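Data first, discussion second: the structure below is written as C-alpha cells.
The values are calculated or read from the model by the stated rules, or taken from the named source; none is laboratory data. Just so you know, these numbers come straight off a predicted model, no measurement behind them. So basically every Cβ, Gly included, is an ideal-geometry build from the backbone, and we count neighbours across all protein chains shown. Calculation scope for accessible area: heavy atoms of the full protein, side chains included, ligands and nucleic acids excluded. Shrake-Rupley method; radii C 1.70, N 1.55, O 1.52, S 1.80 Å.
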Amino acid sequence: MISQLSWKIGGQQGEGVESTDRIFSTALNRLGYYLYGYRHFSSRIKGGHTNNKIRISTYPIRAISDDLDILVAFDQESIDLNAKELRSGGVIVADAKFNPVVPEGIDARLFAVPITAMAEELGTSLMKNMVASGASWALLGLPLEVFNKAVEEEFGRKGAAVVEKNIEAVKRGAEFVLEQAGGPLNEFKLDEADGRQKLFMIGNEAIGLGSLAAGCRLMSAYPITPASEIMEYLIKKLPALGGTVVQTEDEIAAVTMAIGANYAGVRTMTASAGPGLSLMMEAIGLAGMTETPLVIVDTQRGGPSTGLPTKQEQSDLNAMVYGTHGEIPKIVIAPASIEDCFYDMIEAFNLSEQYQVPVIVMTDLQLSLGKQSCEPFDFQSIQINRGKLIEEAPELEAQQLFKRYELTEDGVSPRVLPGAKHGIHHVTGVEHDETGRPSESAVNRQNMMDKRLNKLNGLQIRDGLRIDAANETPDLLIIGMGSTGGTIDQAREWLAKDGITSNHITIRQIHPFPTEQLIPHLQQAKKVVVIENNATAQLAGQIKMHAGFAEKIRSLLKYDGNPFLPSEVYKACKELD
Amino acid sequence: MATFKEFRNNVKPNWCPGCGDFSIQAAIQRAAANVGLEPEELAVISGIGCSGRISGYINAYGLHGIHGRALPIAQGVKLANRELTVIASGGDGDGFAIGMGHTVHAIRRNLNITYIVMDNQIYGLTKGQTSPRSAEGFKTKSTPEGSIESTLSPLEIAMSAGATFVAQSFSSDLKQLTALIEAGIKHEGFSLINVFSPCVTFNKINTYDWFKQNIVNLEQFPDYDPSNRIMAMNKIMETEGMLTGLIYQNTQRKSYEDMISGFGADALAKQELSLSEEQFNKLVAEFK
C-alpha cells in the first residue's frame with residue numbers, strides 16, 4: 001500500500017485531456033483523497049502537446065511531484081516528452097493505435113490499449129477519454145461505482161443513452177487493461193483516504209466564490225489567460241444574485257468601470273494578468289487619489305510583454321507595488337493556497353472599503369489554474385465590513401458640500417454614495433480639498449498627501465506572514481510567496497532528514513511590507529533563502545530594502561515558465577553557500 | 001421640485017470668457033430641472049480637458065476622472081445605481097481621440113446614459129494642438145503646416161456603431177440644446193449629443209460666426225424622419241456633418257440594463273451584500 005502517487009495524461013490540445021483529468025480527479029476527490037493538479041498547456045486552441053498531472057495522496061499536499069507513476073498517452077509525443085519523469089517501474093497506458101514504444105533507457109511497463117478503436121466501436125472517438133481513464137482507474141484497483149457516478153454527472157444532461165455509452169467505454173478500458181495486467185497493480189494500491197469531504201477547485205474558482213461571499217455583485221473584465229476563469233465563473237453565478245459581468249472593450253474600461261461602480265456603491269472587481277495590469281495603472285492612481293474602493297486580481301503569468309502567456313511566473317510584484325505614477329496608498333495581498341484565494345477576496349473587499357484604497361490580489365498561474373483539494377470554507381467566518389460608509393449625510397446649508405475628504409485622525413473620511421440627499425460632493429483626480437474641490441494650495445496639498453499616505457500605517461492583514469518557525473535558530477529560513485509554499489515544505493521534509501533545520505515564511509502581505517514582523521525571523525536564521533518565480537529577485541528586493549539583512553539573503557530564482565520542483569528547492573538549499 | 005438654479009454651485013468656471021462650454025453647462029442645468037430631477041439624483045461624470053471640469057460646476061454628484069475614460073466610469077455608475085440619471089461629458093479629444101474605443105463600445109452597449117461632447121475641434125487645455133475633429137489643413141501648434149489627417153465624423157461613427165440616439169447642437173442655441181439634452185435624458189438607452197462649442201482662444205477658424213454660417217438646423221426639413229436610419233446617414237453625409245437637431249432615434253431597442261439577465265429594476269447598490277447560508281452551500285456543492 002502506498003500513500004501517494006502521481007498520474008499524468010498527455011495528448012494534443014483539444015483531444016480530451018482536460019475532460020479525462022476532470023472525471024478522473026472528481027472521482028478521486030469523492031473518495032476523500034487529497035489532490036494537487038498542474039496543467040501544462042500552450043497558447044493555442046487545437047493541437048500542440050498538452051498534459052495534466054495530478055498528485056494523489058492520503059495526506060494534504062500542495063506541490064507537484066518530481067516523478068510520475070502512471071502516464072496516460074494519446075500519442076507518441078506525450079510518451080517522448082514525459083517518460084523521463086516516470087519512476088523506475090512506472091506504467092504507461094497508451095493508445096494502441098499509434099504503436100507506442102517506450103523510449104530507450106526508460107524502465108516502464110507499457111499497456112497498449114486500443115483506446116481509439118474501442119471508442120469508435122461505441123460510436124465516437126470522442127469517448128477516448130473514457131476508455132483511457134477507465135483503464136487507469138482499474139489499474140489502481142479503485143471502486144468503479146464511484147467513477148461511474150462522476151461520469152453520470154458529467155454527461156447526465158446529455159441523456160441516459162450517452163451516460164450509458166460512456167460507462168460502457170470506461171468498463172471496456174478497465175476490462176482490457178486488467179486482463180493484460182492480470183488484475184490491479186499492487187504497487188499502486190493506495191491506502192484508503194480519510195473519506196472526509198473536501199472541495200476540489202482551481203484558485204480562480206475560489207476567487208470567484210470568495211468574491212460572491214464578499215458581496216461582489218459586478219465584475220468588469222477583459223479576457224486574458226490565466227484570469228478568464230474568474231469572469232466565466234461569475235457570469236454563471238451573478239445573474240441569480242441580481243448582478244452581472246460586463247466584458248469590456250479593454251482593461252482600461254474594465255478598471256474604470258469598476259471604479260465607477262464602486263464609487264456608486266456596488267462591490268465591483270476586475271481581474272487580469274500582467275498586460276492588463278499594465279493598462280490599468282493610470283486608473284489605479286485615480287482610485288488611490290479619489291479614495292475609491294477597488295479590487296483587482298492579477299493572475300501572474302510569464303512576462304514581459306506577451307511573454308509566456310500560459311506559463312508560471314511571479315514577476316509582476318514590482319508593477320503591483322510601484323505601478324501608477326505619483327504616490328498613492330495601495331494594498332497588495334498574495335494568497336498562497338486555495339483557501340486563501342477564497343478568504344482573501346473577502347478581506348480584499350473589506351479592506352478596500354475600510355481604507356478606501358485599491359487592493360490588488362496577486363496570484364500566479366499555478367495557483368489560479370492548478371486544481372487542488374482544499375478544506376471546506378467556513379460560512380460563519382464571512383464578515384462584511386464597509387468601513388466609514390454612511391447612508392445619509394447630515395443636512396448642510398445651501399451651497400455647502402459634504403466633506404468627503406474630511407481630515408480625520410486615521411486619514412479615512414466618511415463616505416456617502418451618490419443618490420444621498422445631503423451628500424453632494426465632488427470627486428476628482430486633481431488634488432482637492434476636503435469637499436473634493438480642486439485646490440493647488442501648498443498647505444492643502446501636504447495635508448491631503450499625508451492623509452492618504454498615512455491611512456495604511458500599521459496595517460496587518462490576516463496571516464500577513466504565514467510563519468512555520470518550529471526552530472528557534474534554524475540553519476535556514478526559507479521565504480516564498482504564492483503557489484510555492486507546498487514545494488518548499490516538501491523540500492524541507494527532505495532537508496530535515498539530512499539534519500538541516502529550516503523555518504518557512506510565506507509573505508502574504510506584499511504591500512505595505514510587514515517589516516517589523518519579519519525582522520526577528522531574519523535575525524534568528526543563520527541563512528535566508530528567498531524563493532520566487534522571476535529573474536530579478538523582486539521579493540528578496542523588498543525584504544532587503546525594508547528589513548535589511550542583505551548579507552544573509554540568497555535567492556533561488558526560476559523563470560523558465562515552470563513551477564519549482566521540490567527536488568530543485570532541496571538541491572539549492574543543500575548547496576547554499 | 002428643483003429649478004435650474006438649484007443645479008448651480010458657487011464655483012467660478014476656469015473657462016475663458018466667451019467659451020462655448022458656459023452655455024452647455026447652463027443647458028445641462030436647465031434640462032435637469034425641466035425633466036424633474038433633484039440635484040442628488042444626477043451624476044455628472046467627466047473626462048479631462050477644459051470641458052472635463054464641468055462636473056465640478058454643476059450642483060449634483062460629480063466625478064472628474066481620467067483622460068478619455070468618462071464613459072466607462074459613467075457606465076459603472078449606472079450599472080451600480082440605475083436610479084441615478086447619469087450624464088457623461090468631455091471634449092472631442094477626450095471622446096474621439098484617447099477615448100474613441102470606449103465611445104464606440106458604449107454606443108454598442110447602449111446603457112441608459114447621456115453623453116455630451118463639447119466639440120471645439122482643438123485641444124484647449126494643453127494650449128492649442130490638433131484634434132481628430134480639426135479640419136484638414138488646420139494649422140495648430142502640433143500641425144504648423146496644417147493637419148494632414150482626415151477629419152473624424154463622430155455622427156457617422158455613432159450611426160455605424162448602432163447608436164439609438166444621435167443629436168448635434170450648437171452652444172449658441174441654448175433652446176435647442178436644452179431640448180436635446182432633455183430628450184437624451186428621457187431616451188431609454190445611450191444618447192450621444194455632440195455640441196459645437198467654439199474655443200475663442202485657440203480656434204480662430206471655427207468661430208461662432210463660422211458655425212452660424214455653416215450649420216443647418218434639421219427643422220428646415222419638414223419631411224425629415226429621425227427614426228429613419230438611412231435618411232439620417234444620408235443627411236449627415238449631405239451636410240458633411242454640419243447639421244443640428246435630433247438626427248436619429250431608435251426607440252425599439254431596449255437599454256443594456258433592461259437586457260441583462262437577472263438584473264433588477266432597483267439600484268444594485270441598494271441590495272443586500274451577504275449570501276444566505278443556503279445560497280452559499282449551493283455554490284460550494286459544485287466543488288465536491
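Okay, residues lined up against (1) open to solvent by 10 Å² or more (accessible area, probe 1.4 Å); (2) among the polar types (S, T, N, Q); (3) in contact (Cβ under 8 Å) with a residue 40 or more places away in the chain:
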{"site": "A:GLU291", "(1), (2), (3)": "no, no, yes"}
{"site": "A:PRO309", "(1), (2), (3)": "yes, no, yes"}
{"site": "A:ALA319", "(1), (2), (3)": "yes, no, yes"}
{"site": "A:TYR322", "(1), (2), (3)": "yes, no, no"}
{"site": "A:GLU327", "(1), (2), (3)": "yes, no, yes"}
{"site": "A:PRO358", "(1), (2), (3)": "no, no, yes"}
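Quick check: is even one residue across the stretch B:255-274 closer than 28 Å to B:GLY91 by Cα, surrounded by 17 or more Cβ atoms within 10 Å (Cβ to Cβ) and either at pLDDT below 95 or not acidic (Asp, Glu) (or both)? Before the answer, list the steps.
To start, the set of residues in the stretch B:255-274 that are closer than 28 Å to B:GLY91 by Cα comprises B:255-257.
Then drop every residue that is not surrounded by 17 or more Cβ atoms within 10 Å (Cβ to Cβ), which leaves B:255-257.
Going one step further and asking which of them are either at pLDDT below 95 or not acidic (Asp, Glu) (or both), we end up with B:255-256.
Yes.
For the stretch B:257-274, indicate whether the set of residues that are away from chain A (no Cβ under 14 Å), assigned to a helix (DSSP H, G or I) and on the phi < 0 side of the Ramachandran plot is non-empty. Explain how you work it out, then say what you get.
So the first thing to find is which residues in the stretch B:257-274 are away from chain A (no Cβ under 14 Å), and the list is none.
No: the stretch B:257-274 contains no residue that is away from chain A (no Cβ under 14 Å), assigned to a helix (DSSP H, G or I) and on the phi < 0 side of the Ramachandran plot.
Quick check on my filter: what residues within the stretch B:66-119 are of a type in the set (S, T, N, Q) and under 14 Å from the mean Cα position of the chain (by Cα)? Lay out the reasoning, then the answer.
The initial filter retains those residues of the stretch B:66-119 that are of a type in the set (S, T, N, Q), namely B:75, B:81, B:85, B:89, B:103, B:110, B:112, B:114.
Within the stretch B:66-119, B:GLN75, B:THR85, B:SER89, B:THR103, B:ASN110, B:ASN112, B:THR114 meet the criteria.
Of the residues A:ARG87, A:ARG44, only one is basic (Lys, Arg) and under 25 Å from the mean Cα position of the chain (by Cα); which? Step through it out loud before you land on a result.
Numbers: A:ARG87 fails: under 25 Å from the mean Cα position of the chain (by Cα).
Just a single option satisfies the conditions, and that option is A:ARG44.
Step by step: first the residues of the stretch B:20-51, then only those that are in contact (Cβ under 8 Å) with a residue 60 or more places away in the chain and of a type outside the set (A, V, I, L, M, F, W, C), then the one that is farthest from B:GLU182 (Cα to Cα). Which residue is that?
Checking each candidate, the answer is B:GLY49.
Inspect all residues belonging to the stretch A:202-211 and state whether any of them is more than 8 Å from every other protein chain (Cβ to nearest Cβ), of a type in the set (A, V, I, L, M), open to solvent by less than 20 Å² (accessible area, probe 1.4 Å) and within 21 Å of B:PHE263 (Cα to Cα). Don't jump to the end; show me each part of the working.
Of the residues in the stretch A:202-211, the ones more than 8 Å from every other protein chain (Cβ to nearest Cβ) are A:202-204, A:206-208, A:210-211.
Those still in the list that are of a type in the set (A, V, I, L, M) too: A:202, A:206-207.
Filter once more, so that each one left must be open to solvent by less than 20 Å² (accessible area, probe 1.4 Å): A:206-207.
Subsequent filtering for residues that are within 21 Å of B:PHE263 (Cα to Cα) retains none.
Within the stretch A:202-211 (the criterion being more than 8 Å from every other protein chain (Cβ to nearest Cβ), of a type in the set (A, V, I, L, M), open to solvent by less than 20 Å² (accessible area, probe 1.4 Å) and within 21 Å of B:PHE263 (Cα to Cα)), the answer is no, since none of the residues qualifies.
If I filter the stretch A:168-201 down to residues being in a helix (DSSP H, G or I) and polar (S, T, N, Q), which single residue comes out as least open to solvent (accessible area, probe 1.4 Å)? Spell out how you get there, then give the answer.
First, the residues of the stretch A:168-201 that are in a helix (DSSP H, G or I): A:168-181, A:186-188.
Now drop any that are not polar (S, T, N, Q), which leaves A:180, A:186.
Working: A:GLN180: 93, A:ASN186: 123 Å².
Per the criteria, the residue is A:GLN180.
So which residues in the stretch A:82-108 are surrounded by fewer than 17 Cβ atoms within 10 Å (Cβ to Cβ), under 21 Å from A:LYS128 (Cβ atoms) and touching a residue at least 60 places away in the same chain (Cβ under 8 Å), if there are any at all?
None - no residue of the stretch A:82-108 is surrounded by fewer than 17 Cβ atoms within 10 Å (Cβ to Cβ), under 21 Å from A:LYS128 (Cβ atoms) and touching a residue at least 60 places away in the same chain (Cβ under 8 Å), so the list stays empty.
Residues are listed down the side, and each one gets a yes or a no for (1) within 21 Å of A:ASN204 (Cβ to Cβ); (2) assigned to a strand (DSSP E or B); (3) over 23 Å from the mean Cα position of the chain (by Cα):
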site	(1), (2), (3)
A:PHE24	yes, no, no
A:ASN29	yes, no, no
A:ASP69	no, yes, yes
A:THR116	no, no, yes
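Using the structure shown, decide if A:GLU291 is out of contact with any helix residue (DSSP H, G or I) (no Cβ under 6 Å at 6 or more places or on another chain) and farther than 17 Å from A:ILE207 by Cβ. Before you say what the answer is, go through the steps one by one.
Numbers: out of contact with any helix residue (DSSP H, G or I) (no Cβ under 6 Å at 6 or more places or on another chain): yes; farther than 17 Å from A:ILE207 by Cβ: yes.
When the stated conditions are applied, A:GLU291 passes them.
When you check B:ASP223 against the structure, is it modelled with pLDDT of 95 or more, farther than 30 Å from B:GLY93 by Cα and of a type outside the set (S, T, N, Q), yes or no? Lay out the reasoning, then the answer.
On the way: modelled with pLDDT of 95 or more: yes; farther than 30 Å from B:GLY93 by Cα: yes; of a type outside the set (S, T, N, Q): yes.
Yes: the conditions hold for B:ASP223.
A quick yes/no check of all residues on (1) open to solvent by less than 10 Å² (accessible area, probe 1.4 Å); (2) modelled with pLDDT under 95; (3) touching an Asp or Glu at 6+ places or on another chain (Cβ under 7 Å); (4) away from chain A (no Cβ under 13 Å):
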residue: B:GLN25; (1), (2), (3), (4): no, no, no, yes
residue: B:LEU37; (1), (2), (3), (4): no, no, no, no
residue: B:LEU42; (1), (2), (3), (4): yes, no, no, no
residue: B:ILE48; (1), (2), (3), (4): no, no, yes, no
residue: B:LEU71; (1), (2), (3), (4): yes, no, no, no
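Looking at A:ALA540, is it outside the structural domain of A:ASP298 (by TED's automatic domain parsing), farther than 16 Å from A:GLY485 by Cβ and open to solvent by less than 20 Å² (accessible area, probe 1.4 Å)?
On the way: outside the structural domain of A:ASP298 (by TED's automatic domain parsing): yes; farther than 16 Å from A:GLY485 by Cβ: yes; open to solvent by less than 20 Å² (accessible area, probe 1.4 Å): yes.
Judged against the criteria, A:ALA540 is a match.
Yes or no, residue by residue, for (1) free of Cβ contacts under 8 Å to residues at least 60 places away in the same chain; (2) closer than 30 Å to B:ASN81 by Cα; (3) in a loop (DSSP other than H, G, I, E, B); (4) of a type in the set (A, V, I, L, M):
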| site | (1), (2), (3), (4) |
| --- | --- |
| B:LYS204 | yes, no, yes, no |
| B:GLN252 | yes, yes, yes, no |
| B:PHE280 | yes, yes, no, no |
| B:VAL284 | yes, yes, no, yes |
| B:PHE287 | yes, no, yes, no |
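Hey, can you tell me all the residues within the stretch A:370-428 that are surrounded by fewer than 18 Cβ atoms within 10 Å (Cβ to Cβ), more than 11 Å from chain B (Cβ to nearest Cβ) and closer than 30 Å to B:GLU286 by Cβ?
Listed by number, the residues that qualify are A:GLU375, A:SER381.
What number goes with the only condition from (1) among the hydrophobic types (A, V, I, L, M, F, W, C); (2) crowded, with 18+ Cβ neighbours inside 10 Å; (3) over 30 Å from A:LEU351 (Cα atoms); (4) touching a residue at least 40 places away in the same chain (Cβ under 8 Å) that A:VAL163 does not pass?
Every listed condition holds for A:VAL163 apart from (4).
Just one of (1) without any contact (Cβ under 8 Å) to a residue 24 or more places away in the chain; (2) open to solvent by 30 Å² or more (accessible area, probe 1.4 Å) trips up B:SER134, so point out which.
(2)
Mind checking which residues of the stretch B:12-37 are closer than 23 Å to B:ASP119 by Cα and in a loop (DSSP other than H, G, I, E, B)? Before you say what the answer is, go through the steps one by one.
First, pick out the residues of the stretch B:12-37 that are closer than 23 Å to B:ASP119 by Cα: B:12-32.
Selection gives B:LYS12, B:PRO13, B:ASN14, B:TRP15, B:CYS16, B:PRO17, B:GLY18, B:CYS19, B:GLY20.
Quick one: in the stretch A:256-279, which of the residues that are open to solvent by 10 Å² or more (accessible area, probe 1.4 Å) and more than 7 Å from every other protein chain (Cβ to nearest Cβ) is farthest from A:PRO358 (Cα to Cα)?
Restricting attention to the stretch A:256-279, the residues satisfying the condition of being open to solvent by 10 Å² or more (accessible area, probe 1.4 Å) are A:263, A:274-275, A:278-279.
Going one step further and asking which of them are more than 7 Å from every other protein chain (Cβ to nearest Cβ), we end up with A:274-275, A:278-279.
Values: A:GLY274: 17, A:PRO275: 18, A:SER278: 15, A:LEU279: 15 Å.
Looking at the filtered set, the residue picked out is A:PRO275.
Tally the residues that are at the interface with another protein chain (Cβ under 7 Å from one of its Cβ atoms) and open to solvent by less than 10 Å² (accessible area, probe 1.4 Å), restricting the search to the stretch B:82-104.
Taking the stretch B:82-104 first, the residues at the interface with another protein chain (Cβ under 7 Å from one of its Cβ atoms) are B:83-84, B:101-102.
This time we only want the ones that are open to solvent by less than 10 Å² (accessible area, probe 1.4 Å), so: B:84, B:102.
Qualifying residue count for the region: 2.
Could you check how many residues of the stretch A:122-155 are open to solvent by 40 Å² or more (accessible area, probe 1.4 Å) and in a helix (DSSP H, G or I)? Steps first, please.
Kept after step one, since they are open to solvent by 40 Å² or more (accessible area, probe 1.4 Å), are these residues of the stretch A:122-155: A:123-126, A:143-145, A:149, A:152-154.
Those left that are additionally in a helix (DSSP H, G or I): A:125-126, A:144-145, A:149, A:152-154.
Residues meeting the conditions: 8.
Could you please let me know if B:SER191 is farther than 19 Å from B:SER131 by Cα, open to solvent by 40 Å² or more (accessible area, probe 1.4 Å) and modelled with pLDDT of 95 or more? Show your work before the answer.
On the way: farther than 19 Å from B:SER131 by Cα: yes; open to solvent by 40 Å² or more (accessible area, probe 1.4 Å): no; modelled with pLDDT of 95 or more: yes.
When the stated conditions are applied, B:SER191 does not pass them.
Say whether the condition of being without any contact (Cβ under 8 Å) to a residue 24 or more places away in the chain and more than 10 Å from chain B (Cβ to nearest Cβ) is met by at least one residue in the stretch A:233-254. Full working, then the answer.
Just the residues of the stretch A:233-254 that are without any contact (Cβ under 8 Å) to a residue 24 or more places away in the chain, to begin with: A:235-236, A:239-240.
Okay, now just the ones that are also more than 10 Å from chain B (Cβ to nearest Cβ), so none.
The answer is no, given that none of the residues of the stretch A:233-254 is without any contact (Cβ under 8 Å) to a residue 24 or more places away in the chain and more than 10 Å from chain B (Cβ to nearest Cβ).
Is it true that A:THR473 is over 23 Å from A:ALA393 (Cα atoms), modelled with pLDDT under 95 and not small (Gly, Ala, Ser)?
Considered against the rule, which asks whether it is over 23 Å from A:ALA393 (Cα atoms), modelled with pLDDT under 95 and not small (Gly, Ala, Ser), A:THR473 comes out as yes.
Out of curiosity, is A:GLY302 touching a helix residue (DSSP H, G or I) at 6+ places or on another chain (Cβ under 6 Å) and either under 25 Å from A:ALA283 (Cα atoms) or of a type in the set (D, E, K, R) (or both)? First the steps, then the outcome.
Values: touching a helix residue (DSSP H, G or I) at 6+ places or on another chain (Cβ under 6 Å): no; either under 25 Å from A:ALA283 (Cα atoms) or of a type in the set (D, E, K, R) (or both): yes.
It is false that A:GLY302 is touching a helix residue (DSSP H, G or I) at 6+ places or on another chain (Cβ under 6 Å) and either under 25 Å from A:ALA283 (Cα atoms) or of a type in the set (D, E, K, R) (or both).
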